[in-house]
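Inspection log for the structure reproduced underneath, given as structure tokens.
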Amino acid sequence: MLFGQNLVGKDGRTIEEADPTWLKSRADKFFASGDIMSAASAYGAALELDADHPACRANRAACYLKLNKFEECERDCDLGLKLSDASDALKVKFACRRAAARCGAGKYSEAAEDFRQAASLADRDSDDQRKLFADAARADVLAEAARCKTTGDALLKAGDAKGAVDAYGEALGHEPSFVSALANRAAARLASGDAAGAVDDCGAALDIFESDDVVAGPVPPAGTSQRRTWVLRTLARRGAALSRCGRLDDAVADFEAAVATAAASVHLIATEKALCESDP
């Protein structure tokens, strides 16, 4: 301050705003308060001044992960892992956050390698290292489930509904909560004439969608319009299966629930659009 006035540079920034350390501190406060978007913006401002600031790069990656911006998180972690002055502890964070982002994007094999990289940097035989190796093994299982689901998708698209049912079943054998395989197996069962099986798969998928548990597989985050679209499709699919089973009252209830979900989804999309347009 000089005579009660902030010193302002030629770019319009105050002295504080031109200091990456001050910006990081501000971003940390935003993050702690739960204002993740503002935190990401403040870390970004700091990185504009010092692109090689390891902590800001790691923390913005954490913000992007919370915001489900997986590509952005992965990109920050890629850059962070190349920083020569990043400590091993920070590199563990970069590798773990990139692994989580890749899991969110369905890139499980790559995520497993990230977890192993993080484990190699962790203290030998520590609890952290054991947990990281366990995370890598978990990612390997999800990679196998994803591979089987991809096979099922190709078979269903080619018209081999029964073959698709088997492939989706193999995926679910690896990971029972791989909900996209479950929902798609319902479609394959319906196409192959197994309406009762389709009803069961849709019901199981809806239970997973409505639970508070972490959902396996690349699935839109809870509370988003995309997640509601998945729920809508599953309700409509179960309604169709129920009607084929002669359970018309139950079918009508599902179709009505699908209509209500669609209306809520339209409102949510409008809200999300307004929030995006209001971002600086």
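The values are calculated or read from the model by the stated rules, or taken from the named source; none is laboratory data. Only a predicted model underlies this, so the values are computations on that prediction, with no experimental measurement involved. Ideal geometry is used to build each Cβ from the backbone, glycine not excepted, and the neighbour counts take in all protein chains shown. Just the protein is used for accessible areas: all its heavy atoms, side chains included, with ligands, DNA and RNA removed. Shrake-Rupley method; radii C 1.70, N 1.55, O 1.52, S 1.80 Å.
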Checklist entry - Tally time: how many residues in the stretch 136-189 are modelled with pLDDT under 95 and acidic (Asp, Glu)? => result 1
Checklist entry - What number goes with the only condition from (1) under 26 Å from Gly104 (Cβ atoms); (2) open to solvent by less than 10 Å² (accessible area, probe 1.4 Å) that Ala198 does not pass? => result (1)
Item to check | Where a residue in the stretch 70-84 is in contact (Cβ under 8 Å) with a residue 60 or more places away in the chain and closer than 14 Å to Pro54 by Cα and its partner, wherever it lies, is in a helix (DSSP H, G or I) and of a type in the set (Gly, Ala, Ser), with Cβ under 6 Å and at least six apart | outcome: none
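Let's see how each residue does on (1) more than 24 Å from the chain's Cα centre (by Cα); (2) at negative phi; (3) open to solvent by 60 Å² or more (accessible area, probe 1.4 Å); (4) not acidic (Asp, Glu):
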position: Asp85; (1), (2), (3), (4): yes, yes, yes, no
position: Lys91; (1), (2), (3), (4): no, yes, no, yes
position: Ala100; (1), (2), (3), (4): no, yes, no, yes
position: Gly106; (1), (2), (3), (4): no, no, no, yes
position: Asp123; (1), (2), (3), (4): yes, yes, yes, no
position: Asp128; (1), (2), (3), (4): no, yes, yes, no
Next on the checklist: Here is a list: Leu235, Leu206. Which entry is touching a Cys at 6+ places or on another chain (Cβ under 9 Å) and surrounded by 15 or more Cβ atoms within 10 Å (Cβ to Cβ)?
Outcome noted: Leu235
Next on the checklist: Conditions first: (1) in contact with a Lys or Arg (Cβ under 9 Å, 6 or more places away or on another chain); (2) surrounded by fewer than 21 Cβ atoms within 10 Å (Cβ to Cβ); (3) assigned to a helix (DSSP H, G or I). Pro221 passes all but one, so which condition is the exception?
Outcome noted: (3)
Next on the checklist: Of the conditions (1) touching a Phe, Trp or Tyr at 6+ places or on another chain (Cβ under 9 Å); (2) surrounded by 18 or more Cβ atoms within 10 Å (Cβ to Cβ); (3) not aliphatic (A, V, I, L, M), Arg227 satisfies every one except a single condition; which number is it?
Outcome noted: (2)
